[in-house]
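Asker: Mind having a look at this structure? Questions to follow.
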Amino acid sequence: PLKLSGEGIWQANAPSTLGPVKLEIGPYQTANQRIEALVLAVSEVAVDVAQSKAQLKGVELAGQKLLWAGRGMDGLLIKTEGAVDWGTGQLRLPNFNLEAAGLRLMAGTAPIALTGHSPVVVDWKRHHLEAPALALNVIGKLGTAQGQGLLNPTASGKLSYDWGKGQLALDALKLSTEQVDLGAGRLLPK
């Protein structure tokens, strides 16, 4: 099920304002996927068609019980704001914040909590995403189903992703952890 609601003033030849706007998805379920609830809310969208630009304020994506192919999360919250320039093909989000609770990256692993933030630039004409000041924090053990892993790791650096070429790059990566579990009771301290 989908539900779209909103309000605003749309003018074909002048700047327009929409908002608040809300898109709700769920509950939805297939054999491998489940979405209990996924809500995208934007408090205001200021659109200037003549300039091919839009300003986004108060963007929030919230989800509950999102599952796919043995992976999933109990809760998701993304908050941001930014600007879209469809003339240049860019989306700029100067403050992108992410929180995920009960995140299971692989089947058979314990859930973790994840927080992260960075400015984000998406250039869809070049098929490129960049997070130049990415900071991620994990609470819990980021590990494998066999028990190896990292306890409460943090990472920072610059992330670049070219989805046209399928290339991911991490530059100036800094990784720290409280403990490394090599399995079979072998632990490396911080």
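The values are calculated or read from the model by the stated rules, or taken from the named source; none is laboratory data. Source: prediction; values computed, not measured. Using ideal geometry, Cβ is built from the backbone for each residue, glycine included, and neighbour counts are taken over all protein chains shown. Protein only, heavy atoms only, side chains kept; ligands, DNA and RNA dropped before computing areas. Shrake-Rupley method; radii C 1.70, N 1.55, O 1.52, S 1.80 Å.
Asker: Quick one: accessible area per residue over the range 88-190, 1.4 Å probe, rounded to a whole number of Å²?
Answerer: Heavy-atom accessible area per residue stands at 60 Å².
Asker: Oh, and also: What nm distance separates the two modelled labels at W86 and E178, each placed 7 Å from Cα along Cα→Cβ?
Answerer: It is 4.8 nm.
Asker: Of K65/K165; K3/K65; K22/K174; K57/K125, which pairs sit farther than 29 Å apart, going by alpha carbon to alpha carbon?
Answerer: Violating the 29 Å Cα-Cα cut-off are K65/K165; K22/K174.
Asker: Residue by residue through the range 69-77, which ³J(HN,Hα) values in whole Hz follow from phi under the Karplus form 6.51 cos²θ - 1.76 cosθ + 1.60 (θ = phi - 60°), with glycine and proline marked x?
Answerer: Once θ is set to phi - 60°, the couplings for the range 69-77 become 6, x, 10, x, 8, 7, x, 9, 9 Hz.
Asker: Then there's this: Pop a pseudo-label 7 angstrom from the Cα along the beta-carbon direction at both Q167 and T144 and give the gap in nm to one decimal.
Answerer: Distance between the two pseudo-spin positions: 2.9 nm.
Asker: May I pose another question? Rank V84, V49, V121 by mean-square fluctuation in a GNM of the chain with C-alpha springs under 10 angstrom and give only the top-ranked residue.
Answerer: V49
Asker: What are the extents of the Cα atoms of the range 128-190 along their three principal axes, in Å, largest first?
Answerer: The principal-axis extents, from largest down, are 42, 21, 17 Å.
Asker: Still on this structure: Taking only protein heavy atoms and a 1.4 Å probe, what accessible area per residue, in Å², does the range 23-64 have with all protein chains in place?
Answerer: Accessible area per residue, the range 23-64: 59 Å².
Asker: Then there is this: Can you send over the carbon and sulfur percentage of the accessible area for the range 139-190, probe radius 1.4 Å, protein chains only?
Answerer: Roughly 59 percent, rounded to a whole number.
Asker: For the range 1-117, with all protein chains present and a 1.4 Å probe, just round the carbon and sulfur fraction of the accessible area to a whole percent.
Answerer: 58 percent
Asker: On the first, second and third principal axes, largest extent first, how far apart are the outermost C-alpha atoms of the chain in Å?
Answerer: 68, 39, 27
Asker: A further question follows. Among the chymotrypsin sites (Phe, Trp or Tyr not before Pro) in the range 26-116, which ones are in a DSSP loop with at most 12 other Cβ atoms within 10 Å of the Cβ? Mind listing them?
Answerer: Counting only loop positions with at most 12 other Cβ atoms within 10 Å, none of the chymotrypsin sites (Phe, Trp or Tyr not before Pro) in the range 26-116 qualifies.
Asker: Within 11 Å, Cβ to Cβ, of E36, how many net charges do the neighbouring residues add up to if Lys/Arg are +1 and Asp/Glu are -1?
Answerer: After counting each charged neighbour, the total is +1.
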